[in-house]
Every structure is written in C-alpha cells, then in structure tokens.
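Each remark here refers to the structure printed beneath this line.
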C-alpha cells in the first residue's frame, strides 16, 4: 500500500510538471466596425446569448481603444505591436492585398493625392527593419499559427507570419499536441453590411433603438442602427460556432480566448474618427479555467495585444515593441491617429485616459467631416447630407460639418458620451487640458511620428522611383551535415521547406540528409519576396 501511494504521488508530480511546461493555446475572435453595444456593457438591444455567456466567464475591459478609427491602420498596429504613425502605415489605404497585388480600393473617378496635391500610388508600406508580424515569434517557439482570413495590414502579409493564412485556416490542422494561436476574423458587422444591397431581414426593430443626438431621428437612420444590432446577432452565431468547436475538441477550458472589434462603430461620425465613437471597442479575455473574471477599468491600446500574447505564451517580448503586456503593466493613456482616408487627408491625433479624450489637429480643416465616397453608400450618410443641404440639421447634428475653429478638442467621456461639447478653454478643465496636451506632445516626440511628413515623400523613401524593393536571395552553405542560411537584406526573415513539408521559419542551422531537398526564400516586410530556390545540399553545386 505504501509503495502504491508513493507511485501515485510521483505520477501526480510528473503530471503537474507536464501541465506547467505545456504552452497555452490562444484564440482570437475578431470582428469589424463595432462599438461596445453589448449586454456586458449595459446595452441589451441585440440578442447575443453566446457573447453574453463568454463575457460572464471573461475579464471584460471597459476602456479598450483602437489606434485608429479604421481597419487597415488599426490592424497594422495589432499585428506588429507598434504605432501606425511610427511604421508609416496610418494612411488608409496603401492599396496592397495579402499577395502584394492591387486591391483596386481607390475611387476610380478621383485621383488619390496627399495633402499637398501630389498623386499617391498604391504601395505596400516598408516598415522599420526590426519589426515583424508577432506570430512569427510564436512560430519560432513551436506554435502553430493560423489566420482566417483577413489581413489588411497596409503591407503584404509575409509568408513567415502564419502556418496557414486562408479561409480554411484552423487549429485543427496542426500536429498532435502542438500549441496554437488561431485568429478568426468575422465581417458580419462591417460598414458595408449597412449598404442598401443588404437584404437580410432585420432581427431588431427600428422602433427599439436609441438614436444619438448627432443623428436626425428618421426612418432611414433608425433602420441603419437596427441593422447594426441585427448584424451583431449574426456575429453571435459565428462566435457560438468557434466556442462549440473548442468545446468539442476539449480545448475550451484551457484556452485563452480574446474577443474584440478592430475599431469603433460602422456609422457616420463613428468609423474613421479618432474620438471615442471611432476608437472605443468591446474587448474581453477568457482565461484558462476562468482564472480571471469580472470588469476592469484598465486602459488598453491595440499595440498591447502582441506583447500580451507573447507573454502568455512564454515567448520573450522584443524590446522594440511599443506596446506593453496587459498582464504585467497597466498603461495610463491610449493614443490614436488619423491621416489620409481614401481620397482625403485630415491629419489629427488623440489621447484618452478613459475619462477624457483630447484631440489635436495637425493643421486647419474646413470641418471634421470629410467627403469620402465609400461612406456615402450608407443611407444615414445620405440623410445627413440631404438635411444639411436643406438646413434642417440641429446644432448638435451640424457640429461634425462645422468649421474647425480650434485646433484642439477636449471631451468629458463620462458626462458627454456623444462627444458634442468641446471643453477646450473652459476654466473647470484647465489642468486636464494642460496635462493631456503635454502627454500628446511627448508621445509625438518619443514615437517619431512618420506620418507627419508629406505622404508622397514617405512613399519615395519606401519605394525609390516608385518601384517596390525586393528582398535579396538567400545565401546558404553546408557544414557537418547542417544547412546554414542567411540573407543580405537587413531585417529579412528566412523561410524554408523540407521536401514537400510546410514552410518553416529559419532560426538555426538545419540538420539535413542526402535525400533532402530544401526550398528557401526570404522576405522583409514591404519588400517583394526573394526568388525562391530549391537547394539540394548534397549536389556537386554545393560541395565543389
């Protein structure tokens, strides 16, 4: 009996050691264009039982903000842990898709120009050489990383970022026991789902929605808002599918689940803006075994996501990342920026502590509103423009269109959630104004705001003579049964595949055998991929 008890104790200790050494799995459920319009944030207009259930077992963050009010700059921050203004990815759009091909996203009837009227070509942003897509760091440590399926980073997604990056990407394609990081992007709530061509039935009545003071209360506006909530109900079903798959695979209890939107709401005066309506997002994390639950007022910025995931996975966080892990360090302020939006440039920056939000315009504008063609597909935008022309908008509804008299704005988010009253110059907030202005100036100085430059000049620096640079070919040598790879291009990542296996990230010399055929190529973000070459290490070409 004593021997049996000792063996059992040793077995339990061994299992405990294995559990401690096992790397955690991480899933992201991301979606588009949505403010915190959920029951966990006090809004039960939409029926979202799956999201509600997830929130009850999660840590829900009240003050999570995007780095931009639009998807592509925001996603560049998410995937790198760096500010888009530092990277040169804050102009919307650069126009290059996942494979580096033209997206055709610019309005073909208008020239896209920078603020000085220079033509802007479509380009993939060339970012600083040390910056990687953070899943690459996970892959180097044995993680299986998948993205299903949107990228939209303002640069072509490097092949070293993901093991699988398509509509079939899933953790179920990994090797047995391999830890995973899996991203699922859902577009049910995207701005385009408000367009007239969306003939799906409304599941939320227009009579039951709240109309913010910055909109006129018309049938068209109510229908658009009802569509926003109805789309949330569609999203809820997609969330349920992922949760069910995790449970079926026996992974739900032991997986980190992140749930967040890529920026604020899809409606006019929400999306693209750097005020709370465009930046404030729903954000929650379900911890393994529900280790942390409840609400947090901690300020979160999207550049914090990369270091948070790396820290959770036990992967060393690179020093150059500008974000900080949500788990180990609390930030006080969240920063955001806006520059060119399709065919219009309107540079401004903002900072919030969750209670106040400060906006700094970099130069004078005729109004905060910009006449963006893409947005005119939303019926509410048409209503606003028609009533403006008829001079039938109220004072609050006209504020978006009014001339920008002050190059600063300050809003009290607690007492003025619609951000209609600019407090700049008010005696009662003088100290707040001074503090926020100082914080903004310090941030701009410390982060080397690259997007303050004229965009066409920035592009010339990235793409000399408007030609995309190309990553140099991989160099290789064999010594003592190992294949060594290198690339002359600064900051390039090298990938290789053995025989017909999948692409791997090169980190150290590869053990090879005579029968092996190794294919190699390299990529620096923003550059073209190097020429792919099949290396037969034991051929005369290598050894002579």
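The values are calculated or read from the model by the stated rules, or taken from the named source; none is laboratory data. Remember, it's a predicted structure, so these values are computed and weren't measured experimentally. Using ideal geometry, Cβ is built from the backbone for each residue, glycine included, and neighbour counts are taken over all protein chains shown.
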Original post:
Residues in region 532-539: is at least one over 34 Å from the mean Cα position of the chain (by Cα), surrounded by 19 or more Cβ atoms within 10 Å (Cβ to Cβ) and more than 30 Å from residue 343 (Cβ to Cβ)?
Top reply: yes
Original post:
Is it the case that region 166-187 has a residue that's touching a helix residue (DSSP H, G or I) at 6+ places or on another chain (Cβ under 7 Å), closer than 23 Å to residue 302 by Cα and part of a loop (DSSP other than H, G, I, E, B)?
Top reply: no
Original post:
Is one or more of the residues making up region 195-208 crowded, with 20+ Cβ neighbours inside 10 Å and assigned to a loop (DSSP other than H, G, I, E, B)?
Top reply: no
Original post:
Which of the following residues is touching a strand residue (DSSP E or B) at 6+ places or on another chain (Cβ under 8 Å) and either in contact (Cβ under 8 Å) with a residue 24 or more places away in the chain or under 23 Å from residue 425 (Cβ atoms) (or both): 348, 375?
Top reply: 348
Subject >> Identity of the residue in region 246-265, in a helix (DSSP H, G or I) and out of contact with any helix residue (DSSP H, G or I) (no Cβ under 8 Å at 6 or more places or on another chain), that ends up nearest to residue 277 (Cα to Cα) >> reply: 247
Subject >> Test result for residue 308, over 17 Å from residue 451 (Cα atoms), in a helix (DSSP H, G or I) and under 18 Å from the mean Cα position of the chain (by Cα) >> reply: yes
Original post:
All but one of (1) touching a helix residue (DSSP H, G or I) at 6+ places or on another chain (Cβ under 7 Å); (2) in a loop (DSSP other than H, G, I, E, B) hold for residue 137; which doesn't?
Top reply: (2)
Subject >> Neighbours by Cβ (under 9 Å, 6+ apart or cross-chain): first from region 247-266, free of Cβ contacts under 8 Å to residues at least 60 places away in the same chain; second outside any helix (DSSP H, G or I) and crowded, with 18+ Cβ neighbours inside 10 Å >> reply: 252/286
Original post:
From the list 382, 397, 390, which one is surrounded by fewer than 19 Cβ atoms within 10 Å (Cβ to Cβ), in contact with a helix residue (DSSP H, G or I) (Cβ under 8 Å, 6 or more places away or on another chain) and closer than 30 Å to residue 199 by Cβ?
Top reply: 382
Original post:
Looking at region 509-527, which of its residues are over 30 Å from the mean Cα position of the chain (by Cα) and in a loop (DSSP other than H, G, I, E, B)?
Top reply: 509, 512, 513, 514, 515, 516, 517
Original post:
Out of (1) touching a strand residue (DSSP E or B) at 6+ places or on another chain (Cβ under 9 Å); (2) closer than 30 Å to residue 174 by Cβ, what's the single condition that is false for residue 491?
Top reply: (1)
Subject >> Tally of residues being in contact with a strand residue (DSSP E or B) (Cβ under 7 Å, 6 or more places away or on another chain) and surrounded by 18 or more Cβ atoms within 10 Å (Cβ to Cβ) across region 230-240 >> reply: 2
Subject >> Qualifying residue in region 58-78 (condition: in contact (Cβ under 8 Å) with a residue 60 or more places away in the chain, farther than 30 Å from residue 444 by Cβ and surrounded by fewer than 23 Cβ atoms within 10 Å (Cβ to Cβ)) >> reply: yes
Original post:
Going by the conditions given, is residue 414 assigned to a helix (DSSP H, G or I), on the phi < 0 side of the Ramachandran plot and modelled with pLDDT of 95 or more?
Top reply: no
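Yes or no, residue by residue, for (1) crowded, with 21+ Cβ neighbours inside 10 Å; (2) at pLDDT 95 or above; (3) over 19 Å from the mean Cα position of the chain (by Cα):
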site	(1), (2), (3)
91	yes, yes, no
108	no, no, yes
116	no, no, yes
146	yes, yes, no
154	yes, yes, no
167	no, yes, no
171	yes, yes, yes
Original post:
Is region 454-466 home to any residue that is part of a helix (DSSP H, G or I), touching a helix residue (DSSP H, G or I) at 6+ places or on another chain (Cβ under 9 Å) and crowded, with 16+ Cβ neighbours inside 10 Å?
Top reply: yes
Subject >> Tabulated pairs, region 474-503, first on the phi > 0 side of the Ramachandran plot and touching a residue at least 40 places away in the same chain (Cβ under 8 Å), second surrounded by fewer than 16 Cβ atoms within 10 Å (Cβ to Cβ) and in a loop (DSSP other than H, G, I, E, B), C-beta under 8 angstrom, 6+ apart or interchain >> reply: 491/129; 491/130
**OP:** Under 6 Å between Cβ atoms, at least 6 apart or on separate chains: pull out the pairs that start in region 37-53 with a residue that is free of Cβ contacts under 8 Å to residues at least 40 places away in the same chain and end on any residue that is surrounded by 20 or more Cβ atoms within 10 Å (Cβ to Cβ).
**Re:** 43/37
Subject >> Breaking point among (1) touching a helix residue (DSSP H, G or I) at 6+ places or on another chain (Cβ under 7 Å); (2) under 30 Å from residue 356 (Cβ atoms), for residue 239 >> reply: (2)
Original post:
Somewhere in region 418-435, is a residue closer than 28 Å to residue 72 by Cα and out of contact with any helix residue (DSSP H, G or I) (no Cβ under 9 Å at 6 or more places or on another chain)?
Top reply: no
**OP:** Scan region 280-336 for residues that are within 22 Å of residue 127 (Cβ to Cβ) and buried (at least 17 other Cβ atoms within 10 Å of the Cβ) and report the count.
**Re:** 20
**OP:** Given the conditions (1) surrounded by fewer than 24 Cβ atoms within 10 Å (Cβ to Cβ); (2) in contact with a strand residue (DSSP E or B) (Cβ under 6 Å, 6 or more places away or on another chain), report the number of the one that residue 243 does not fulfil.
**Re:** (2)
